[in-house]
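Below is one structure; the comments refer to it alone.
Any read-out appearing in this document is the output of simple, stated calculations on the displayed coordinates, not a laboratory observation. Everything numeric here is computed off the predicted structure, so don't read it as measured data. FYI the Cβ positions are ideal-geometry reconstructions off the backbone, even for glycines, and counts take in every protein chain you see.
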Amino acid sequence: MLHIEFTTDLGARVTVDVETADKLLDVQRQYGRLGWTSGDIPTGGYQFPLDNEPDFDWTLIGARKWTSPEGEDLIIHKGHAYRRRELEAVDSRKMKLPAAVKYSRGAKSTDPEHVREKSDGEFEYVTLAIFRGGKRQERYAVPGGRAQGQPAPQGPRPAAPRPTPPAARPARTEEETPF
Amino acid sequence: MLHIEFTTDLGARVTVDVETADKLLDVQRQYGRLGWTSGDIPTGGYQFPLDNEPDFDWTLIGARKWTSPEGEDLIIHKGHAYRRRELEAVDSRKMKLPAAVKYSRGAKSTDPEHVREKSDGEFEYVTLAIFRGGKRQERYAVPGGRAQGQPAPQGPRPAAPRPTPPAARPARTEEETPF
Amino acid sequence: MLHIEFTTDLGARVTVDVETADKLLDVQRQYGRLGWTSGDIPTGGYQFPLDNEPDFDWTLIGARKWTSPEGEDLIIHKGHAYRRRELEAVDSRKMKLPAAVKYSRGAKSTDPEHVREKSDGEFEYVTLAIFRGGKRQERYAVPGGRAQGQPAPQGPRPAAPRPTPPAARPARTEEETPF
Amino acid sequence: MLHIEFTTDLGARVTVDVETADKLLDVQRQYGRLGWTSGDIPTGGYQFPLDNEPDFDWTLIGARKWTSPEGEDLIIHKGHAYRRRELEAVDSRKMKLPAAVKYSRGAKSTDPEHVREKSDGEFEYVTLAIFRGGKRQERYAVPGGRAQGQPAPQGPRPAAPRPTPPAARPARTEEETPF
Amino acid sequence: MLHIEFTTDLGARVTVDVETADKLLDVQRQYGRLGWTSGDIPTGGYQFPLDNEPDFDWTLIGARKWTSPEGEDLIIHKGHAYRRRELEAVDSRKMKLPAAVKYSRGAKSTDPEHVREKSDGEFEYVTLAIFRGGKRQERYAVPGGRAQGQPAPQGPRPAAPRPTPPAARPARTEEETPF
């Protein structure tokens with residue numbers, strides 16, 4: 001028997017019994033659909049393989065996709081809206097980094113120090129998840145995925161030059177966080 | 001089987017077994033009526049849809065309404081008194097924010113840094129809950145509500161100009177916190 | 001079934017099963033008598049109704065009365081000695097506060113920032129409990145109380161002028177903390 | 001049924017079921033012998049009666065005695081070595097303190113602020129336990145003690161003048177922490 | 001019955017029931033292979049005997065060996081890559097330290113203060129584990145080890161002069177953290 005601890009959409013701490021280890025991800029999907037989360041966002045954000053990005057099952061971490069009135073796809077997690085950013089590969093003498101997709105938001109005054117990351121200038125942001133390198137893990141994908149007729153959400157692969165850094169964008173979206 | 005962790009009115013940590021997931025909110029109401037809470041107030045306060053504000057069931061988060069000797073409706077949560085404030089919609093070039101109702105109190109010297117929010121001037125406050133946007137969720141309402149004859153507490157909808165900011169008000173009420 | 005988490009007199013974390021909710025306070029009394037505590041002291045101290053002060057059952061929070069060699073009644077909680085202080089009612093234009101009884105001690109260098117309260121001058125103190133306003137709750141009283149022949153410890157009700165502030169007293173007592 | 005939470009010698013968080021309350025100390029001894037601990041060191045260190053010092057059962061808190069190559073008896077707790085220090089009684093106009101025995105070590109750069117205690121000068125130290133005053137509790141002693149032929153470790157009782165303060169000693173021992 | 005708390009590879013908090021104490025390490029190996037960890041890295045890093053270093057079973061703490069494209073053996077733990085460093089014995093008038101092997105990485109901006117250790121200059125690092133002194137514990141070794149034909153990974157014993165301090169190396173590797 002296993003037991004998984006959640007923070008519910010009402011902020012309550014609830015533990016759910018799970019019969020066997022292979023049913024754990026199902027339980028995480030079931031309650032994640034309600035916005036329940038288990039554990040904290042790891043320091044620096046969740047790390048997933050890049051190849052899991054197109055059809056990642058956000059319910060696994062209690063998050064969901066939301067399309068803003070302006071038509072932008074955002075990820076909602078615990079009332080915060082995270083924006084998708086593509087980071088191109090870096091291959092300089094000093095650093096070698098594979099391409100990545102990052103979901104982040106501007107920091108708010110109530111965010112604790114250890115989740116804030118510095119960007120250019122004064123801007124600080126908080127990362128929900130970063131998809132980089134690694135080997136695709138089928139169990140992270142939306143179950144049934146393409147088979148059920150829904151086209152896989154294939155954002156353009158990060159290959160273009162590194163997009164405008166967060167610092168150049170207003171923190172506007174974060175203030176419009178839907179419920 | 002589920003298990004929900006509470007902090008009792010005596011500050012004790014008590015877990016209660018819950019048979020099935022659909023009984024969870026009933027258990028939260030039952031013990032919330034005693035002032036028991038589960039989990040911490042989320043950073044920035046609980047977020048609920050605006051349309052849940054008039055008949056929100058405060059027992060869900062271990063809080064209750066209390067009318068002060070001056071006739072003001074306050075929300076009591078863990079010995080603190082929170083005041084209702086209406087925030088009008090903002091629609092400027094820089095920001096777009098739907099109308100909201102916020103329950104907040106002045107910060108005290110013993111409040112940890114991460115719950116304090118800055119206002120105009122030196123004033124700092126702490127938010128219990130903010131009702132903004134979203135879609136009404138029936139399960140957050142007082143059960144039976146209007147059907148049982150009690151008129152829904154319908155405060156005026158936030159449409160008027162943004163009320164006097166907290167900074168302009170004395171922190172007086174917070175000092176009168178009833179038990 | 002309920003489960004209550006204690007920190008034992010040896011600092012160990014122990015959970016005790018409780019058959020039904022109405023037996024919870026009995027279990028808290030039983031283990032509180034050994035100095036076991038559940039949860040942390042709430043920020044600003046426990047809040048109880050003033051009318052519970054004379055026969056409050058300190059075992060409910062793992063504390064006990066102790067008479068110092070000088071004949072002063074102190075409350076011992078987790079190895080710290082708290083002194084009883086009466087605060088008179090305040091009724092000025094700025095503030096309206098009912099009379100109260102407060103149990104506090106001088107802060108020590110190892111006390112975390114968020115439990116320290118400022119007094120006049122440089123003096124900082126830590127509050128265990130404050131009895132103010134509210135309505136007497138019978139369940140907080142020593143069971144059987146006066147019935148068992150022990151006269152209720154009736155300190156003089158706080159009506160006299162606010163006593164000498166803590167700043168004017170040496171932190172001496174705290175250093176004599178008995179085990 | 002009771003449940004005690006341990007941090008194992010590998011840093012894992014493990015809960016052990018205990019049939020009845022009177023078996024709790026046995027379970028603490030059994031796992032403490034493996035270096036498992038339950039809960040954190042209380043602020044300012046564990047407090048025990050002075051008369052428990054000669055045959056205190058260190059396994060109760062997951063610690064053990066260790067004799068250094070130089071022949072000094074140290075207490076090992078979670079990989080740190082604590083040195084025994086005798087504090088003589090203080091009886092001045094300002095303070096009245098019974099004699100005590102203290103187990104402490106020099107602070108390390110990774111020790112959190114709230115466990116560091118200031119000494120003379122810049123030196124900071126961390127206290128594991130202090131034995132002072134109180135009434136001997138038989139249940140804290142090594143079971144069977146002298147009966148099993150092992151002479152009780154009777155350090156000289158603290159009566160001599162207060163020994164050289166920690167500040168005057170190099171932090172050398174702490175760096176030699178054995179595993 | 002025992003219960004061990006894990007943080008899964010998805011950051012979820014999951015407790016697993018364990019029949020008897022002697023099966024605990026097996027369960028830690030089984031789930032550690034998936035990257036699940038229990039508890040936090042102890043302050044200053046895990047401490048193990050030096051003689052356990054060559055065939056230490058990293059799955060016990062949810063870590064694994066990974067060979068970088070440049071052929072360097074790194075230890076991956078929760079998405080961070082730790083580099084092996086040999087520390088020679090110190091035998092000066094001021095300090096006596098046996099040889100050790102340390103696994104550490106450069107600190108990142110999101111690392112909390114209490115895990116950062118200072119090195120020469122401005123460089124700060126974080127230690128996962130240090131192998132020093134002590135007596136080999138068979139239960140920490142890869143089960144079956146050499147018997148199964150896999151040569152024990154015998155790095156050169158730390159005897160040479162203390163290697164280039166971390167400060168002299170770029171923090172490059174940490175940025176290439178594989179998933």
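Overview of results
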item: Neighbouring partner chain Cβ atoms per residue of A:25-38, average, 10 Å criterion; result: 2
item: Under 14 Å from the B:Arg136 label point (7 Å along Cα→beta-carbon), backbone N, the range B:46-71; result: B:49-57
item: Under 12 Å from C:Lys135, Cα to Cα: aspartates and glutamates that are on another chain or at least 8 residues apart; result: C:Asp51, C:Glu53
item: Neighbour-limited loop hits for trypsin sites (Lys or Arg not before Pro), the range B:43-119 (at most 13 other Cβ within 10 Å; DSSP other than H, G, I, E, B); result: B:Arg93, B:Lys94
item: Partner chain coverage, peptide C:127-136 - average Cβ within 10 angstrom; result: 2
item: Straight-distance crosslink candidates among aspartates and glutamates, where the alpha carbon sits under 14 Å from C:Lys118 and sequence neighbours closer than 8 are dropped; result: B:Asp111
item: Exam field: D:Glu122 pseudo-label spacings to other copies (7 Å along Cα-Cβ), nanometres; result: 2.2, 2.2, 3.6, 3.6
item: Inter-centroid distance (Cα atoms) of the range B:81-114 relative to the range A:6-62, Å; result: 30
item: The range B:1-134, relative contact order in percent, only Cα pairs under 8 angstrom and at least six apart counted; result: 22
item: Set of lysines with alpha-carbon distance to E:Lys94 below 18 Å, sequence-local pairs under 8 removed; result: D:Lys108
item: Calculated FRET efficiency for the pair C:Asp26/B:Glu72, C-beta based, R₀ 45 Å, to 0.05; result: 0.70
